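For reference, the structure is listed below as structure tokens.
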Amino acid sequence: MPLTQTARDAERERIARHVLDLVKERGAEVPWTVAMSESGLTRARFEALFADYDDLFDAVAQTWFAPQLAVMEEVLAGNLPPQRKMYEFFRRRFVISQGRFREDPQFFTVLCEMGAANFERVRSYVDLADHYLCELIAEAQAEGHFAGLEIDEALSMINQMVTVYTMPDALIYLGDKLSEKKLARIIDTMFIGLSGEAGADASGVNALKVAS
């Protein structure tokens, strides 16, 4: 009996979570054949769910990135002031990655390596984050921030300033040198000085307060 789309999606997510458990248990990327044999499904049923390894990887990536997507969309839909909204957009994703790294550094490292080796498969998540960030930039510009900058120009500079908070593998090398307080100062500095204009129009006010 054919699966409904809802049942199919649920089964794909179940297998994706199981594959993540196998990666954690074995400390290495799981081959297609192993994922199939460990799934508890027949070959025909497994192949009906996943066309190939890339399709399986996509399901695993979707499951792994789901929390980050959820917090980005939550922040975007909120009514926070631009400066706080920008901070939360980066902070909440950073907290998820930091928590995962602290919980199991080895597993986190393997997942980073898998992402790097299959970057074209995860590029869409990077592009989506950039799309959401462009929306935040446009909202900020509507309130007078980032004056004189094209959105793409502001996007590029912002990404360069916060890259260590958006690239998960930075945690492997920097660890506790990365912090929410430092991120807040970076966002403050960004809003104070990031402008295409000169003089007083480029000034700003330090407004973020982060509890120790």
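Does Ala61 meet the test of being under 20 Å from the mean Cα position of the chain (by Cα) and of a type outside the set (D, E, K, R)? When the stated conditions are applied, Ala61 passes them.
Considering each of Ile151, Ile137, Ile96 in turn, give the residue that is surrounded by 17 or more Cβ atoms within 10 Å (Cβ to Cβ) and β-branched (Val, Ile, Thr). Selected residue: Ile137, the only one of Ile151, Ile137, Ile96 that is surrounded by 17 or more Cβ atoms within 10 Å (Cβ to Cβ) and β-branched (Val, Ile, Thr). Filtering Ala140, Ala147 for residues that are in a helix (DSSP H, G or I) and either of a type in the set (Ser, Thr, Tyr) or in contact (Cβ under 8 Å) with a residue 12 or more places away in the chain (or both) leaves a single hit, Ala140. Among the criteria (1) open to solvent by 50 Å² or more (accessible area, probe 1.4 Å); (2) more than 15 Å from the chain's Cα centre (by Cα), the one Glu73 does not fulfil is (2).
Exactly one residue out of Ala61, Ala16, Ala48 is aliphatic (A, V, I, L, M), out of contact with any Leu (no Cβ under 7 Å at 6 or more places or on another chain) and open to solvent by 30 Å² or more (accessible area, probe 1.4 Å): that is Ala48.
Meeting the requirement of 1 or more residues that are among the acidic types (Asp, Glu) and out of contact with any helix residue (DSSP H, G or I) (no Cβ under 6 Å at 6 or more places or on another chain), the helices (runs of 4 or more DSSP H) wholly within the range 1-105 are 5-26, 43-49, 53-77, 82-103.
Take Val110 and decide whether it is open to solvent by less than 50 Å² (accessible area, probe 1.4 Å), within 30 Å of Tyr53 (Cβ to Cβ), of a type outside the set (Gly, Ala, Ser) and touching an Asp or Glu at 6+ places or on another chain (Cβ under 8 Å). It is true that Val110 is open to solvent by less than 50 Å² (accessible area, probe 1.4 Å), within 30 Å of Tyr53 (Cβ to Cβ), of a type outside the set (Gly, Ala, Ser) and touching an Asp or Glu at 6+ places or on another chain (Cβ under 8 Å). For Ala147, the conditions (1) closer than 27 Å to Asp54 by Cα; (2) out of contact with any Cys (no Cβ under 7 Å at 6 or more places or on another chain) are fulfilled apart from (1).
In the set Asp201, Asp176, which member is in a helix (DSSP H, G or I) and at pLDDT 60 or above? From the options Asp201, Asp176, the qualifying one is Asp176. The residues on offer are Arg102, Arg123, Arg91, Arg84, and the sole one that is basic (Lys, Arg), under 14 Å from the mean Cα position of the chain (by Cα), open to solvent by 30 Å² or more (accessible area, probe 1.4 Å) and at pLDDT 95 or above is Arg91.
The values are calculated or read from the model by the stated rules, or taken from the named source; none is laboratory data. Remember, it's a predicted structure, so these values are computed and weren't measured experimentally. Virtual Cβ from ideal backbone geometry, glycine too; neighbours counted across all protein chains shown. In case anyone asks, the SASA skips ligands and DNA or RNA and just uses the protein heavy atoms, side chains included. Shrake-Rupley method; radii C 1.70, N 1.55, O 1.52, S 1.80 Å.
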